[in-house]
Amino acid sequence: MKRQAVTFLCKKSRSILLILLFLLPLSHQTSVAAQEQLPTAHFVEPGDTWLALAWRYGVTTADLQAANPNPNPAKQPAIGTTIQIPASTLPPRPNGRIIHALQGGLLEFAAAHNLNPWRVALENGMDSPYRPLYDQPLYLPTDTPLREFPNGFLSLELSNNPPQPGRAIGLRGEIETAEPLSVTLGTEPVAVFSNDSHLVGLTGTGAFLKPGDYTLTILAGNNLLWSQPINFVAGEWTYSQLTLTGEAATIDQESIQQERERLFAIWNLASPAPQWTTPFQLPIESYLEITSLYGARRSYNGGPYNTYHEGVDFSAYGGTPVYAPAAGTVVIAERLVVRGGAVIIDHGLGIYTGYYHMSEVVAQVGDHVEPGQLIGKVGTTGFSTGNHLHWDLLVNGVWVDAKTWQEQDMACWVLEGWGTPCNSQPVN
Ligand SMILES: [Zn+2]
(Lines give C-alpha, C1' and ligand atoms only; values in the text may rest on other atoms or scores of the structure.)
Protein backbone atom coordinates (compact mmCIF):
# COMPACT_ATOMS: atom_id res chain seq x y z
CA MET A 1 0.00 0.00 0.00
CA LYS A 2 2.72 2.48 1.01
CA ARG A 3 4.78 1.88 -2.10
CA GLN A 4 1.79 2.51 -4.37
CA ALA A 5 1.02 5.80 -2.61
CA VAL A 6 4.60 7.05 -3.25
CA THR A 7 4.34 6.64 -7.07
CA PHE A 8 1.34 8.95 -7.24
CA LEU A 9 2.93 11.75 -5.21
CA CYS A 10 3.99 15.04 -6.85
CA LYS A 11 7.60 16.27 -6.57
CA LYS A 12 6.89 18.68 -3.76
CA SER A 13 5.32 15.99 -1.63
CA ARG A 14 8.29 13.73 -2.44
CA SER A 15 10.72 16.10 -0.73
CA ILE A 16 8.46 16.14 2.35
CA LEU A 17 8.35 12.39 2.17
CA LEU A 18 12.16 12.21 2.07
CA ILE A 19 12.30 14.21 5.29
CA LEU A 20 9.71 11.89 6.78
CA LEU A 21 11.70 8.83 5.68
CA PHE A 22 14.78 10.35 7.29
CA LEU A 23 12.87 10.57 10.56
CA LEU A 24 11.47 7.07 10.21
CA PRO A 25 14.34 5.15 11.90
CA LEU A 26 13.73 7.18 15.08
CA SER A 27 10.03 6.41 15.27
CA HIS A 28 10.77 2.79 14.40
CA GLN A 29 13.14 2.56 17.38
CA THR A 30 10.46 3.96 19.67
CA SER A 31 7.94 1.35 18.58
CA VAL A 32 10.49 -1.45 19.17
CA ALA A 33 11.08 -0.11 22.68
CA ALA A 34 7.33 -0.09 23.33
CA GLN A 35 7.09 -3.68 22.12
CA GLU A 36 9.85 -4.69 24.51
CA GLN A 37 7.87 -3.28 27.44
CA LEU A 38 4.82 -5.38 26.57
CA PRO A 39 5.81 -8.94 25.70
CA THR A 40 3.92 -10.96 23.12
CA ALA A 41 4.05 -14.17 25.17
CA HIS A 42 3.74 -14.93 28.89
CA PHE A 43 4.85 -18.00 30.86
CA VAL A 44 2.01 -18.82 33.24
CA GLU A 45 2.62 -18.80 37.00
CA PRO A 46 0.06 -19.25 39.81
CA GLY A 47 -2.40 -16.32 39.80
CA ASP A 48 -2.04 -15.61 36.07
CA THR A 49 -5.75 -15.91 35.37
CA TRP A 50 -7.41 -14.63 32.17
CA LEU A 51 -8.53 -11.53 34.05
CA ALA A 52 -5.14 -10.89 35.66
CA LEU A 53 -3.32 -11.23 32.33
CA ALA A 54 -5.90 -9.02 30.57
CA TRP A 55 -5.55 -6.23 33.15
CA ARG A 56 -1.80 -6.63 33.34
CA TYR A 57 -1.22 -6.29 29.57
CA GLY A 58 -4.10 -3.92 28.75
CA VAL A 59 -6.18 -6.26 26.60
CA THR A 60 -9.74 -7.49 26.88
CA THR A 61 -10.33 -11.00 28.22
CA ALA A 62 -12.13 -11.76 24.92
CA ASP A 63 -9.08 -10.69 22.84
CA LEU A 64 -6.78 -12.69 25.11
CA GLN A 65 -8.89 -15.84 24.83
CA ALA A 66 -9.23 -15.36 21.05
CA ALA A 67 -5.41 -15.31 20.80
CA ASN A 68 -5.27 -18.54 22.87
CA PRO A 69 -8.10 -20.75 21.62
CA ASN A 70 -9.09 -23.30 24.24
CA PRO A 71 -11.88 -25.89 24.06
CA ASN A 72 -12.89 -24.90 27.60
CA PRO A 73 -12.64 -21.09 28.08
CA ALA A 74 -14.01 -21.44 31.64
CA LYS A 75 -10.67 -23.07 32.55
CA GLN A 76 -7.92 -20.68 33.57
CA PRO A 77 -4.57 -20.64 31.70
CA ALA A 78 -2.52 -23.65 32.83
CA ILE A 79 0.49 -22.97 35.06
CA GLY A 80 3.61 -24.05 33.16
CA THR A 81 2.28 -23.15 29.68
CA THR A 82 2.91 -20.07 27.53
CA ILE A 83 0.07 -17.68 26.63
CA GLN A 84 0.15 -15.39 23.55
CA ILE A 85 -0.48 -11.73 24.41
CA PRO A 86 -2.24 -9.65 21.72
CA ALA A 87 -1.44 -5.93 21.20
CA SER A 88 -2.78 -3.77 24.01
CA THR A 89 -5.94 -1.73 23.47
CA LEU A 90 -6.38 -0.53 27.07
CA PRO A 91 -4.00 1.03 29.63
CA PRO A 92 -1.97 -1.87 31.10
CA ARG A 93 -1.73 -2.31 34.88
CA PRO A 94 1.56 -4.18 35.30
CA ASN A 95 1.44 -4.31 39.12
CA GLY A 96 -1.31 -5.04 41.60
CA ARG A 97 -3.59 -7.68 42.98
CA ILE A 98 -7.13 -8.76 42.12
CA ILE A 99 -9.41 -9.38 45.08
CA HIS A 100 -13.03 -10.49 45.32
CA ALA A 101 -15.43 -8.87 47.78
CA LEU A 102 -17.92 -11.45 49.02
CA GLN A 103 -20.49 -11.36 51.85
CA GLY A 104 -20.99 -7.84 53.17
CA GLY A 105 -19.57 -6.26 50.05
CA LEU A 106 -16.59 -3.99 49.87
CA LEU A 107 -16.88 -2.42 53.35
CA GLU A 108 -16.80 -5.69 55.26
CA PHE A 109 -14.12 -7.11 52.99
CA ALA A 110 -11.91 -4.04 53.41
CA ALA A 111 -12.30 -4.19 57.19
CA ALA A 112 -11.43 -7.92 57.28
CA HIS A 113 -8.33 -7.41 55.13
CA ASN A 114 -7.14 -4.19 56.72
CA LEU A 115 -7.71 -2.11 53.58
CA ASN A 116 -9.02 1.42 53.18
CA PRO A 117 -12.45 0.94 51.50
CA TRP A 118 -12.35 4.44 49.97
CA ARG A 119 -9.00 3.72 48.35
CA VAL A 120 -10.27 0.41 46.92
CA ALA A 121 -13.40 2.16 45.59
CA LEU A 122 -11.34 4.93 44.00
CA GLU A 123 -8.93 2.49 42.34
CA ASN A 124 -11.89 0.72 40.76
CA GLY A 125 -13.67 3.81 39.42
CA MET A 126 -16.44 3.65 42.05
CA ASP A 127 -17.63 6.88 43.67
CA SER A 128 -18.31 5.21 47.04
CA PRO A 129 -17.60 1.94 48.87
CA TYR A 130 -21.22 1.96 50.19
CA ARG A 131 -22.77 -0.29 47.62
CA PRO A 132 -23.56 -3.98 47.59
CA LEU A 133 -21.00 -6.09 45.78
CA TYR A 134 -20.79 -9.80 45.34
CA ASP A 135 -17.78 -11.47 43.75
CA GLN A 136 -16.87 -8.37 41.77
CA PRO A 137 -13.16 -8.49 40.91
CA LEU A 138 -11.48 -5.41 42.35
CA TYR A 139 -8.07 -3.96 41.61
CA LEU A 140 -5.66 -3.30 44.47
CA PRO A 141 -2.36 -1.54 43.76
CA THR A 142 0.80 -3.32 44.97
CA ASP A 143 4.42 -3.29 43.81
CA THR A 144 4.31 -6.90 42.56
CA PRO A 145 3.23 -8.17 39.09
CA LEU A 146 -0.55 -8.20 38.79
CA ARG A 147 -2.02 -11.60 39.72
CA GLU A 148 -5.26 -13.06 40.99
CA PHE A 149 -4.53 -15.23 44.02
CA PRO A 150 -7.05 -16.93 46.29
CA ASN A 151 -8.57 -14.32 48.63
CA GLY A 152 -6.28 -13.77 51.59
CA PHE A 153 -3.10 -14.68 49.66
CA LEU A 154 -0.50 -11.97 49.04
CA SER A 155 1.64 -14.30 46.90
CA LEU A 156 1.68 -17.88 45.65
CA GLU A 157 4.56 -19.69 43.92
CA LEU A 158 5.07 -23.16 42.48
CA SER A 159 8.47 -24.86 42.73
CA ASN A 160 10.16 -26.04 39.52
CA ASN A 161 7.61 -24.73 37.04
CA PRO A 162 6.73 -26.60 34.80
CA PRO A 163 6.47 -29.62 37.09
CA GLN A 164 7.18 -33.23 36.15
CA PRO A 165 5.52 -36.44 37.31
CA GLY A 166 7.38 -38.12 40.16
CA ARG A 167 9.01 -34.97 41.51
CA ALA A 168 8.14 -33.11 44.70
CA ILE A 169 5.64 -30.28 44.16
CA GLY A 170 6.03 -27.30 46.45
CA LEU A 171 3.76 -24.32 46.92
CA ARG A 172 4.70 -21.32 49.01
CA GLY A 173 2.97 -18.07 49.69
CA GLU A 174 2.25 -15.27 52.08
CA ILE A 175 -1.19 -15.16 53.66
CA GLU A 176 -2.86 -12.27 55.44
CA THR A 177 -5.55 -14.16 57.34
CA ALA A 178 -5.41 -17.41 59.31
CA GLU A 179 -8.41 -19.07 57.67
CA PRO A 180 -8.58 -22.86 57.43
CA LEU A 181 -7.24 -24.00 54.08
CA SER A 182 -8.05 -26.92 51.86
CA VAL A 183 -5.74 -27.54 48.89
CA THR A 184 -6.03 -30.28 46.27
CA LEU A 185 -4.15 -31.18 43.10
CA GLY A 186 -6.32 -33.20 40.73
CA THR A 187 -8.20 -35.46 43.14
CA GLU A 188 -5.39 -35.68 45.73
CA PRO A 189 -4.99 -33.51 48.83
CA VAL A 190 -1.90 -31.32 49.19
CA ALA A 191 -0.37 -31.16 52.69
CA VAL A 192 -0.48 -27.56 53.92
CA PHE A 193 1.55 -26.07 56.76
CA SER A 194 1.65 -22.52 58.07
CA ASN A 195 4.07 -20.48 60.10
CA ASP A 196 2.41 -17.12 60.93
CA SER A 197 1.96 -15.46 57.54
CA HIS A 198 4.04 -18.09 55.71
CA LEU A 199 2.36 -20.97 53.96
CA VAL A 200 3.94 -24.11 52.51
CA GLY A 201 2.11 -26.79 50.51
CA LEU A 202 3.80 -30.08 49.64
CA THR A 203 2.91 -33.16 47.68
CA GLY A 204 4.11 -35.48 44.97
CA THR A 205 2.63 -37.44 42.10
CA GLY A 206 3.62 -40.97 41.25
CA ALA A 207 5.99 -41.54 38.32
CA PHE A 208 3.07 -43.05 36.32
CA LEU A 209 1.17 -39.72 36.20
CA LYS A 210 0.29 -38.93 32.57
CA PRO A 211 1.53 -35.53 31.36
CA GLY A 212 -1.23 -32.92 30.99
CA ASP A 213 -3.37 -30.57 33.06
CA TYR A 214 -4.26 -31.23 36.72
CA THR A 215 -6.31 -28.65 38.57
CA LEU A 216 -4.95 -26.99 41.69
CA THR A 217 -7.82 -25.87 43.91
CA ILE A 218 -7.55 -23.73 47.03
CA LEU A 219 -10.41 -23.08 49.40
CA ALA A 220 -9.63 -20.52 52.11
CA GLY A 221 -12.30 -20.10 54.79
CA ASN A 222 -15.68 -19.08 53.32
CA ASN A 223 -14.20 -17.66 50.14
CA LEU A 224 -14.99 -18.81 46.63
CA LEU A 225 -13.04 -21.80 45.40
CA TRP A 226 -9.91 -20.67 43.55
CA SER A 227 -8.65 -23.04 40.86
CA GLN A 228 -6.06 -23.07 38.12
CA PRO A 229 -4.75 -26.04 36.11
CA ILE A 230 -1.08 -27.05 36.35
CA ASN A 231 0.49 -28.51 33.22
CA PHE A 232 2.79 -31.46 33.87
CA VAL A 233 5.42 -32.13 31.21
CA ALA A 234 6.53 -35.68 30.42
CA GLY A 235 9.37 -37.20 32.46
CA GLU A 236 12.13 -39.34 30.95
CA TRP A 237 12.21 -42.86 32.24
CA THR A 238 14.47 -45.86 31.85
CA TYR A 239 13.19 -49.42 31.39
CA SER A 240 14.67 -52.55 32.86
CA GLN A 241 13.76 -56.22 32.84
CA LEU A 242 14.62 -58.00 36.06
CA THR A 243 14.82 -61.70 36.71
CA LEU A 244 14.26 -62.77 40.28
CA THR A 245 15.93 -65.94 41.46
CA GLY A 246 17.09 -67.41 44.75
CA GLU A 247 16.19 -65.64 48.01
CA ALA A 248 14.77 -62.56 46.26
CA ALA A 249 12.19 -64.69 44.43
CA THR A 250 11.00 -66.31 47.63
CA ILE A 251 9.77 -63.10 49.32
CA ASP A 252 6.02 -63.46 49.32
CA GLN A 253 3.48 -60.75 48.44
CA GLU A 254 2.09 -60.86 51.96
CA SER A 255 5.42 -59.80 53.52
CA ILE A 256 5.76 -57.00 50.97
CA GLN A 257 2.23 -55.77 51.73
CA GLN A 258 2.62 -56.00 55.53
CA GLU A 259 5.89 -54.04 55.53
CA ARG A 260 4.40 -51.43 53.21
CA GLU A 261 1.33 -50.92 55.39
CA ARG A 262 3.43 -50.58 58.52
CA LEU A 263 5.70 -47.96 56.91
CA PHE A 264 2.85 -45.99 55.34
CA ALA A 265 1.33 -45.62 58.81
CA ILE A 266 4.51 -43.64 59.60
CA TRP A 267 4.92 -41.89 56.21
CA ASN A 268 1.35 -40.57 56.30
CA LEU A 269 2.03 -38.62 59.51
CA ALA A 270 3.42 -35.12 59.13
CA SER A 271 5.18 -33.28 61.94
CA PRO A 272 4.22 -29.60 61.70
CA ALA A 273 7.64 -27.89 61.37
CA PRO A 274 10.77 -28.47 59.30
CA GLN A 275 13.63 -30.08 61.24
CA TRP A 276 16.23 -29.47 58.52
CA THR A 277 18.13 -26.17 58.20
CA THR A 278 20.43 -26.93 55.23
CA PRO A 279 20.24 -28.22 51.64
CA PHE A 280 20.05 -32.03 51.48
CA GLN A 281 23.38 -33.76 50.85
CA LEU A 282 23.83 -37.10 49.11
CA PRO A 283 23.68 -39.84 51.76
CA ILE A 284 26.77 -41.59 50.39
CA GLU A 285 30.14 -40.10 49.48
CA SER A 286 31.92 -43.00 47.84
CA TYR A 287 29.87 -45.12 45.46
CA LEU A 288 30.62 -46.94 42.23
CA GLU A 289 27.65 -45.79 40.15
CA ILE A 290 23.96 -45.04 40.25
CA THR A 291 22.50 -48.32 39.05
CA SER A 292 18.81 -47.41 39.03
CA LEU A 293 17.04 -44.06 39.04
CA TYR A 294 13.71 -43.15 40.64
CA GLY A 295 10.82 -43.91 38.30
CA ALA A 296 12.67 -46.55 36.26
CA ARG A 297 9.99 -48.80 34.75
CA ARG A 298 10.39 -52.40 35.83
CA SER A 299 9.29 -55.71 34.45
CA TYR A 300 9.83 -58.80 36.61
CA ASN A 301 10.48 -62.19 35.01
CA GLY A 302 9.15 -61.07 31.59
CA GLY A 303 5.93 -59.49 32.94
CA PRO A 304 4.51 -56.05 32.03
CA TYR A 305 6.17 -52.74 33.06
CA ASN A 306 3.55 -52.16 35.73
CA THR A 307 5.86 -51.07 38.56
CA TYR A 308 8.58 -48.47 38.89
CA HIS A 309 11.60 -47.99 41.11
CA GLU A 310 10.60 -45.93 44.15
CA GLY A 311 14.10 -44.72 45.05
CA VAL A 312 17.65 -44.26 43.80
CA ASP A 313 20.17 -47.13 43.90
CA PHE A 314 23.86 -46.43 44.54
CA SER A 315 26.08 -49.46 44.05
CA ALA A 316 28.95 -49.39 46.56
CA TYR A 317 31.29 -51.71 48.41
CA GLY A 318 29.83 -53.45 51.46
CA GLY A 319 30.55 -51.43 54.61
CA THR A 320 30.61 -48.00 52.87
CA PRO A 321 29.31 -45.38 55.34
CA VAL A 322 25.79 -43.99 54.88
CA TYR A 323 25.10 -40.50 56.24
CA ALA A 324 22.01 -38.47 57.15
CA PRO A 325 21.47 -35.94 54.29
CA ALA A 326 19.89 -33.34 56.59
CA ALA A 327 18.69 -33.01 60.17
CA GLY A 328 15.74 -35.06 61.38
CA THR A 329 14.49 -37.69 63.81
CA VAL A 330 15.06 -41.42 63.27
CA VAL A 331 11.71 -43.24 63.17
CA ILE A 332 12.81 -46.68 61.87
CA ALA A 333 16.15 -48.38 62.61
CA GLU A 334 15.92 -52.17 62.26
CA ARG A 335 16.12 -55.17 59.94
CA LEU A 336 13.02 -55.35 57.71
CA VAL A 337 12.02 -58.36 55.57
CA VAL A 338 11.95 -56.60 52.18
CA ARG A 339 14.11 -53.51 52.80
CA GLY A 340 16.69 -55.31 54.96
CA GLY A 341 18.80 -53.13 57.32
CA ALA A 342 16.73 -49.94 57.29
CA VAL A 343 16.79 -46.39 58.64
CA ILE A 344 13.99 -43.90 58.06
CA ILE A 345 14.37 -40.24 59.05
CA ASP A 346 11.48 -37.82 59.66
CA HIS A 347 12.62 -34.37 58.48
CA GLY A 348 9.32 -32.65 59.28
CA LEU A 349 6.43 -31.35 57.09
CA GLY A 350 5.72 -34.92 55.92
CA ILE A 351 9.19 -35.38 54.37
CA TYR A 352 10.82 -38.74 55.10
CA THR A 353 14.03 -40.24 53.72
CA GLY A 354 14.85 -43.96 53.85
CA TYR A 355 18.09 -46.03 53.59
CA TYR A 356 17.77 -49.75 52.88
CA HIS A 357 19.59 -53.05 52.39
CA MET A 358 22.29 -51.93 54.85
CA SER A 359 24.60 -54.48 56.47
CA GLU A 360 24.69 -52.46 59.67
CA VAL A 361 22.22 -50.02 61.22
CA VAL A 362 24.04 -47.48 63.38
CA ALA A 363 21.26 -44.98 64.20
CA GLN A 364 18.57 -45.71 66.78
CA VAL A 365 14.88 -44.84 66.85
CA GLY A 366 14.39 -41.45 68.50
CA ASP A 367 17.89 -40.18 67.60
CA HIS A 368 18.05 -36.62 66.39
CA VAL A 369 20.53 -36.75 63.51
CA GLU A 370 22.53 -33.91 61.97
CA PRO A 371 23.57 -33.68 58.29
CA GLY A 372 26.58 -35.91 57.64
CA GLN A 373 25.99 -38.09 60.73
CA LEU A 374 26.70 -41.82 60.23
CA ILE A 375 23.44 -43.81 60.25
CA GLY A 376 24.47 -47.18 58.74
CA LYS A 377 26.68 -49.12 56.31
CA VAL A 378 26.06 -50.39 52.76
CA GLY A 379 25.08 -54.06 52.47
CA THR A 380 22.85 -56.43 50.52
CA THR A 381 20.21 -57.43 53.05
CA GLY A 382 16.50 -58.02 52.36
CA PHE A 383 15.15 -57.93 48.78
CA SER A 384 18.56 -57.21 47.17
CA THR A 385 20.87 -58.86 44.65
CA GLY A 386 24.15 -57.07 45.49
CA ASN A 387 25.78 -54.45 47.70
CA HIS A 388 23.94 -51.15 47.19
CA LEU A 389 22.14 -48.35 48.99
CA HIS A 390 18.50 -47.76 48.08
CA TRP A 391 17.60 -44.15 49.00
CA ASP A 392 14.00 -42.97 48.93
CA LEU A 393 12.13 -39.79 49.79
CA LEU A 394 8.43 -39.37 50.51
CA VAL A 395 6.43 -36.14 50.55
CA ASN A 396 2.83 -36.22 51.79
CA GLY A 397 2.89 -40.04 51.69
CA VAL A 398 4.06 -40.16 48.04
CA TRP A 399 7.42 -41.39 46.76
CA VAL A 400 9.23 -38.67 44.81
CA ASP A 401 12.66 -38.45 43.20
CA ALA A 402 15.16 -37.94 46.04
CA LYS A 403 17.90 -37.03 43.56
CA THR A 404 16.03 -34.08 41.98
CA TRP A 405 14.85 -32.99 45.45
CA GLN A 406 18.53 -32.80 46.38
CA GLU A 407 19.78 -31.29 43.08
CA GLN A 408 17.04 -28.66 42.79
CA ASP A 409 17.55 -27.67 46.42
CA MET A 410 13.90 -28.07 47.31
CA ALA A 411 14.94 -28.08 50.99
CA CYS A 412 16.01 -24.40 50.88
CA TRP A 413 13.08 -23.44 48.64
CA VAL A 414 10.69 -24.80 51.26
CA LEU A 415 12.59 -23.18 54.17
CA GLU A 416 12.46 -19.79 52.43
CA GLY A 417 8.71 -20.25 52.04
CA TRP A 418 8.55 -21.12 55.73
CA GLY A 419 10.26 -17.83 56.59
CA THR A 420 13.43 -19.32 58.06
CA PRO A 421 16.96 -19.02 56.65
CA CYS A 422 18.61 -21.93 54.88
CA ASN A 423 22.22 -22.52 55.87
CA SER A 424 23.69 -23.12 52.43
CA GLN A 425 27.01 -24.36 53.89
CA PRO A 426 25.87 -27.54 55.60
CA VAL A 427 27.97 -28.90 58.44
CA ASN A 428 29.68 -32.07 57.31
ZN1 LIG B 1 16.41 -49.78 44.76
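Contact map, the range 159-183: first residue over 30 Å from His113 (Cα atoms), second residue among the charged types (D, E, K, R) and surrounded by 15 or more Cβ atoms within 10 Å (Cβ to Cβ), Cβ cut-off under 9 Å, separation 6 or more or different chains; pairs are Asn160/Arg167; Gln164/Asp401; Gly166/Asp401; Arg167/Asp401; Ala168/Asp401.
Mind listing whichever residues of the range 32-49 are under 9 Å from Ala78 (Cα atoms) and either of a type in the set (A, V, I, L, M, F, W, C) or at pLDDT below 85 (or both)? Hit for the range 32-49 is Val44, nothing else. Scanning the range 69-112 for residues being closer than 20 Å to Glu123 by Cβ and not basic (Lys, Arg) gives a total of 21. Just one of the listed residues (Asp213, Asp252) is of a type in the set (Asp, Glu), within 20 Å of the chain's Cα centre (by Cα), surrounded by fewer than 19 Cβ atoms within 10 Å (Cβ to Cβ) and more than 30 Å from His368 (Cα to Cα), and it is Asp213. On the stretch given as the range 236-250, residues that are within 14 Å of Ala296 (Cα to Cα) and either modelled with pLDDT of 90 or more or not small (Gly, Ala, Ser) (or both) total 6.
Across the range 292-308, the qualifying residues are those that are closer than 25 Å to Trp405 by Cα and without any contact (Cβ under 8 Å) to a residue 40 or more places away in the chain, and the one among them that is surrounded by the fewest Cβ atoms within 10 Å (Cβ to Cβ) is Asn306.
Kindly indicate whether any position in the range 332-340 is within 31 Å of the chain's Cα centre (by Cα), away from the ligand (no atom under 16 Å from the Cβ) and in contact (Cβ under 8 Å) with a residue 12 or more places away in the chain. Checked against the condition, which is being within 31 Å of the chain's Cα centre (by Cα), away from the ligand (no atom under 16 Å from the Cβ) and in contact (Cβ under 8 Å) with a residue 12 or more places away in the chain, the range 332-340 yields at least one hit. Taking the range 394-403 on its own, how many of its residues are within 16 Å of the ligand (Cβ to nearest atom) and either among the hydrophobic types (A, V, I, L, M, F, W, C) or assigned to a helix (DSSP H, G or I) (or both)? Summing the residues that are within 16 Å of the ligand (Cβ to nearest atom) and either among the hydrophobic types (A, V, I, L, M, F, W, C) or assigned to a helix (DSSP H, G or I) (or both) in the range 394-403 gives 5.
Yes/no matrix, rows are residues, columns are (1) in a loop (DSSP other than H, G, I, E, B); (2) in contact with a Leu (Cβ under 6 Å, 6 or more places away or on another chain); (3) of a type in the set (A, V, I, L, M, F, W, C); (4) at pLDDT below 95:
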{"site": "Asn161", "(1), (2), (3), (4)": "yes, no, no, yes"}
{"site": "Pro165", "(1), (2), (3), (4)": "yes, yes, no, no"}
{"site": "Ile169", "(1), (2), (3), (4)": "no, no, yes, no"}
{"site": "Gly173", "(1), (2), (3), (4)": "no, yes, no, no"}
{"site": "Thr177", "(1), (2), (3), (4)": "yes, no, no, yes"}
{"site": "Val183", "(1), (2), (3), (4)": "no, no, yes, no"}
{"site": "Phe193", "(1), (2), (3), (4)": "no, yes, yes, no"}
{"site": "Val200", "(1), (2), (3), (4)": "no, no, yes, no"}
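Against the conditions (1) in contact with a Pro (Cβ under 6 Å, 6 or more places away or on another chain); (2) within 16 Å of the ligand (Cβ to nearest atom), Ala326 satisfies every one except (2).
The combined condition, being more than 27 Å from the chain's Cα centre (by Cα), at pLDDT 95 or above, on the phi < 0 side of the Ramachandran plot and surrounded by fewer than 22 Cβ atoms within 10 Å (Cβ to Cβ), is fulfilled by Pro321. Being in a strand (DSSP E or B), among the acidic types (Asp, Glu), at pLDDT 95 or above and surrounded by fewer than 23 Cβ atoms within 10 Å (Cβ to Cβ), is that true of even one residue in the range 327-339? The answer is yes, given that some residue of the range 327-339 is in a strand (DSSP E or B), among the acidic types (Asp, Glu), at pLDDT 95 or above and surrounded by fewer than 23 Cβ atoms within 10 Å (Cβ to Cβ). Looking across the range 46-57, the residues that are buried (at least 20 other Cβ atoms within 10 Å of the Cβ), in contact with a strand residue (DSSP E or B) (Cβ under 8 Å, 6 or more places away or on another chain) and assigned to a helix (DSSP H, G or I) come down to Ala52, Leu53, Trp55, Arg56, Tyr57. Could you please let me know if Asp135 is loosely packed, with under 12 Cβ neighbours inside 10 Å and in contact (Cβ under 8 Å) with a residue 60 or more places away in the chain? Answer is yes for this residue.
Residue by residue, here is whether (1) assigned to a strand (DSSP E or B); (2) within 16 Å of the ligand (Cβ to nearest atom); (3) within 16 Å of Val331 (Cα to Cα) holds:
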| residue | (1), (2), (3) |
| --- | --- |
| Thr353 | yes, yes, yes |
| His357 | yes, yes, no |
| Ala363 | no, no, yes |
| Ile375 | yes, no, yes |
| Gly382 | no, yes, no |
| Leu389 | yes, yes, no |
| Asp392 | yes, yes, yes |
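The values are calculated or read from the model by the stated rules, or taken from the named source; none is laboratory data. In this text, all values refer to a predicted model and were calculated from it rather than measured experimentally. Cβ: placed from backbone, ideal geometry, glycine included. Neighbour counts: every protein chain shown.
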